[in-house]
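J.: Encoded as structure tokens, here's the structure I'll be asking about.
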Amino acid sequence: MKLQQLRYVWEVTRHNLNVSATAQSLYTSQPGISKQIRLLEDELGVEIFARSGKHLTRVTPAGEAIVELAGQVLRLTDNIKQVAQEHSDERRGSLSIATTHTQARYALPPVIGEFTRKYPDVALHMQQGTPKQIAQMVSDGMADFAICTESLELFADLVLLPCYRWNRCVLVPRGHPLAEGELTLERLADQAIVTYVFGFTGRSQLDDAFRASGLTPNVVLTAADADVIKTYVRLGLGVGIVAHMAYDPMLDEDLVALEAGHLFESSVTKIGIRRGTFMRGYMYDFVKGFAGHLDRDLVDAALAAGPRHEAELFDDIELPMR
């Protein structure tokens, strides 16, 4: 059994059983991948993939277990490389962050600016997606950190580090009637609303608040991007409900931000890290730069705790509000 064979099996499953696409991504030949997978199956005495002619059609039950173990082996070999690099040059390496537009646009820039000044030889990569896609990237080893609010808890192999609380504001054009008087859910329910797609940026808390009051919001447009929401508020399509951090008084001076913290439960943004990840020194620094209470000892304790106990570490910590 060769490490290369395990990588081929793992990568083929990641590419939806498309051997050609896998070969392109690994800069190798399609016949070479197929041959190595066959050799591994012959050695193990089981089929990892079912086939129709030359095409792979599905992962067999035995194959599912083998793929899972192959992923673990590959992650451990990556950790070995990280250990060696940490001791040979602790200020050089790479860091991959998977996050949403709101975090990338509004929360992360000052953190990343400071990080790149401190670690100019660390290659920083940022990938954006839905919260579920982000969590999957880290679970699959395609990113080091997932930073978002929703969906991380769906992945049992991720350690969740709570970073900060935030709430929403309602954006209206200047002179809008909603800017006068007390802002209530009843008044909001009478408006056309432009807000986040379900599953993004605490959308579930918004829906829960209306539901608890027996109200149905008139959501006329949803988007994953706060800047898109603001664009359609400016066009008069409706009032916007966005994360408060997404309002910039300078750039959005034509809009009025109405505080909505009294209407909705606050949300918590978290960092998700795959269990078993070897943390480089600069990775600890990035986490602490993003959330000052997450020092090395607390991160290590969370990574070492079992899934049912890690949350207990944060019971006595009051998260900052942004």
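J.: Among the residues in region 19-27, are any more than 19 Å from Gln136 (Cα to Cα) and assigned to a loop (DSSP other than H, G, I, E, B)?
T.: yes
J.: Something else about it: Which of the following residues is crowded, with 17+ Cβ neighbours inside 10 Å and in contact with a strand residue (DSSP E or B) (Cβ under 6 Å, 6 or more places away or on another chain): Gly141, Gly93?
T.: Details: Gly141 fails: in contact with a strand residue (DSSP E or B) (Cβ under 6 Å, 6 or more places away or on another chain).
Sole residue among the options that is crowded, with 17+ Cβ neighbours inside 10 Å and in contact with a strand residue (DSSP E or B) (Cβ under 6 Å, 6 or more places away or on another chain): Gly93.
J.: Please specify each residue of region 166-189 satisfying the condition of being exposed (fewer than 13 other Cβ atoms within 10 Å of the Cβ) and more than 16 Å from Phe264 (Cα to Cα).
T.: Arg174, Gly175, Pro177, Glu180, Gly181
J.: Is there a residue being basic (Lys, Arg) and either closer than 16 Å to His101 by Cβ or not in a helix (DSSP H, G or I) (or both) anywhere in region 208-229? Spell out the reasoning first.
T.: Step one: list which residues in region 208-229 are basic (Lys, Arg), which gives 211.
If we keep only those that are either closer than 16 Å to His101 by Cβ or not in a helix (DSSP H, G or I) (or both) as well, we get none.
The answer is no, given that none of the residues of region 208-229 is basic (Lys, Arg) and either closer than 16 Å to His101 by Cβ or not in a helix (DSSP H, G or I) (or both).
J.: Out of all the residues in region 215-236, which are open to solvent by 40 Å² or more (accessible area, probe 1.4 Å) and closer than 15 Å to Leu258 by Cα?
T.: Within region 215-236, no residue meets the criteria.
J.: Here are some conditions: (1) assigned to a helix (DSSP H, G or I); (2) open to solvent by 50 Å² or more (accessible area, probe 1.4 Å); (3) without any contact (Cβ under 8 Å) to a residue 24 or more places away in the chain. Glu318 meets all but one. Which one does it not meet?
T.: Only one criterion is unmet by Glu318, namely (1).
J.: OK, next. Just checking, does region 260-268 include any residue being in a strand (DSSP E or B) and of a type in the set (Ser, Thr, Tyr)? So that I can check it myself, show each step before the final result.
T.: Taking region 260-268 as the starting set, the residues that turn out to be in a strand (DSSP E or B) are 267-268.
Then drop every residue that is not of a type in the set (Ser, Thr, Tyr), which leaves 267.
Taking every residue of region 260-268 in turn, at least one turns out to be in a strand (DSSP E or B) and of a type in the set (Ser, Thr, Tyr).
J.: Restrict the check to region 182-204 and report whether at least one residue is free of Cβ contacts under 8 Å to residues at least 40 places away in the same chain, part of a helix (DSSP H, G or I) and either small (Gly, Ala, Ser) or out of contact with any helix residue (DSSP H, G or I) (no Cβ under 9 Å at 6 or more places or on another chain) (or both).
T.: Within region 182-204, one or more residues are free of Cβ contacts under 8 Å to residues at least 40 places away in the same chain, part of a helix (DSSP H, G or I) and either small (Gly, Ala, Ser) or out of contact with any helix residue (DSSP H, G or I) (no Cβ under 9 Å at 6 or more places or on another chain) (or both).
J.: Here's something else I'd like to know. Look at region 279-297 and say how many of its residues are open to solvent by less than 30 Å² (accessible area, probe 1.4 Å) and either in contact (Cβ under 8 Å) with a residue 60 or more places away in the chain or in contact with a Lys or Arg (Cβ under 6 Å, 6 or more places away or on another chain) (or both).
T.: Start the filter on region 279-297 by keeping residues that are open to solvent by less than 30 Å² (accessible area, probe 1.4 Å), which leaves 279-284, 286-287, 290-291, 294.
So of that shortlist, the ones also either in contact (Cβ under 8 Å) with a residue 60 or more places away in the chain or in contact with a Lys or Arg (Cβ under 6 Å, 6 or more places away or on another chain) (or both) come out as 280-284, 286-287, 290-291, 294.
Residues in region 279-297 being open to solvent by less than 30 Å² (accessible area, probe 1.4 Å) and either in contact (Cβ under 8 Å) with a residue 60 or more places away in the chain or in contact with a Lys or Arg (Cβ under 6 Å, 6 or more places away or on another chain) (or both): 10 in total.
J.: Can you find even one residue in region 196-203 that is more than 27 Å from the chain's Cα centre (by Cα) and small (Gly, Ala, Ser)? Walk me through how you get there before you give the answer.
T.: Going through region 196-203, the residues more than 27 Å from the chain's Cα centre (by Cα) turn out to be none.
The answer is no, given that none of the residues of region 196-203 is more than 27 Å from the chain's Cα centre (by Cα) and small (Gly, Ala, Ser).
J.: Check region 67-86 and report whether any residue there is charged (D, E, K, R), open to solvent by less than 60 Å² (accessible area, probe 1.4 Å) and in contact (Cβ under 8 Å) with a residue 24 or more places away in the chain. If you could, list the steps in order and put the result at the bottom.
T.: Initially, region 67-86 is screened for residues charged (D, E, K, R), giving 68, 75, 78, 81, 86.
From the residues that got through so far, the ones that are open to solvent by less than 60 Å² (accessible area, probe 1.4 Å) too are 75, 86.
Okay, now just the ones that are also in contact (Cβ under 8 Å) with a residue 24 or more places away in the chain, so 75, 86.
Checked against the condition, which is being charged (D, E, K, R), open to solvent by less than 60 Å² (accessible area, probe 1.4 Å) and in contact (Cβ under 8 Å) with a residue 24 or more places away in the chain, region 67-86 yields at least one hit.
J.: Name the residues in region 116-152 that are of a type outside the set (Ser, Thr, Tyr) and assigned to a helix (DSSP H, G or I), would you? I'd like the intermediate steps shown before the answer.
T.: Quick first cut of region 116-152, residues of a type outside the set (Ser, Thr, Tyr) only: 117-118, 120-129, 131-138, 140-148, 150, 152.
Result: Arg117, Lys118, Pro131, Lys132, Gln133, Ile134, Ala135, Gln136, Met137, Val138, Leu152.
J.: Tell me yes or no: at least one residue of region 237-247 is open to solvent by less than 20 Å² (accessible area, probe 1.4 Å), of a type outside the set (Asp, Glu), within 20 Å of Pro173 (Cβ to Cβ) and assigned to a helix (DSSP H, G or I). Full working, then the answer.
T.: Taking region 237-247 and keeping what is open to solvent by less than 20 Å² (accessible area, probe 1.4 Å), we get 238-243, 246.
Filter again for of a type outside the set (Asp, Glu), leaving 238-243, 246.
Narrowing further to those that are within 20 Å of Pro173 (Cβ to Cβ): 238-243, 246.
Now narrow it down to the ones that are assigned to a helix (DSSP H, G or I): 246.
Yes: region 237-247 contains one or more residues that are open to solvent by less than 20 Å² (accessible area, probe 1.4 Å), of a type outside the set (Asp, Glu), within 20 Å of Pro173 (Cβ to Cβ) and assigned to a helix (DSSP H, G or I).
J.: Being among the β-branched types (Val, Ile, Thr) and surrounded by fewer than 19 Cβ atoms within 10 Å (Cβ to Cβ) is the filter; apply it to region 248-278 and report the residue that is farthest from Ala291 (Cα to Cα). Outline the logic, then answer.
T.: Initial filter on region 248-278 (among the β-branched types (Val, Ile, Thr)): 256, 268-269, 271, 273, 277.
Those left that are additionally surrounded by fewer than 19 Cβ atoms within 10 Å (Cβ to Cβ): 256, 268.
Numbers: Val256: 29, Val268: 12 Å.
Among those residues, the one meeting the criterion is Val256.
J.: Residue under question is Ile147, and the condition is that it be in contact with a strand residue (DSSP E or B) (Cβ under 6 Å, 6 or more places away or on another chain) and not hydroxyl-bearing (Ser, Thr, Tyr); does it hold?
T.: On the way: in contact with a strand residue (DSSP E or B) (Cβ under 6 Å, 6 or more places away or on another chain): yes; not hydroxyl-bearing (Ser, Thr, Tyr): yes.
For Ile147, the condition - in contact with a strand residue (DSSP E or B) (Cβ under 6 Å, 6 or more places away or on another chain) and not hydroxyl-bearing (Ser, Thr, Tyr) - is met.
J.: Could you please let me know if Cys169 is assigned to a strand (DSSP E or B), in contact (Cβ under 8 Å) with a residue 60 or more places away in the chain and in contact with a Ser or Thr (Cβ under 9 Å, 6 or more places away or on another chain)? Quick ask: steps written out before the conclusion?
T.: Values: assigned to a strand (DSSP E or B): yes; in contact (Cβ under 8 Å) with a residue 60 or more places away in the chain: yes; in contact with a Ser or Thr (Cβ under 9 Å, 6 or more places away or on another chain): no.
Here the answer is no, as Cys169 does not meet what is asked.
The values are calculated or read from the model by the stated rules, or taken from the named source; none is laboratory data. All of these numbers come straight from a predicted model, not from anything done at the bench. Positions of Cβ are backbone-derived with ideal geometry, glycine not excepted, and every protein chain shown enters the neighbour counts. We work out accessible area using only protein heavy atoms, side chains counted, and drop any ligands, DNA or RNA first. Shrake-Rupley method; radii C 1.70, N 1.55, O 1.52, S 1.80 Å.
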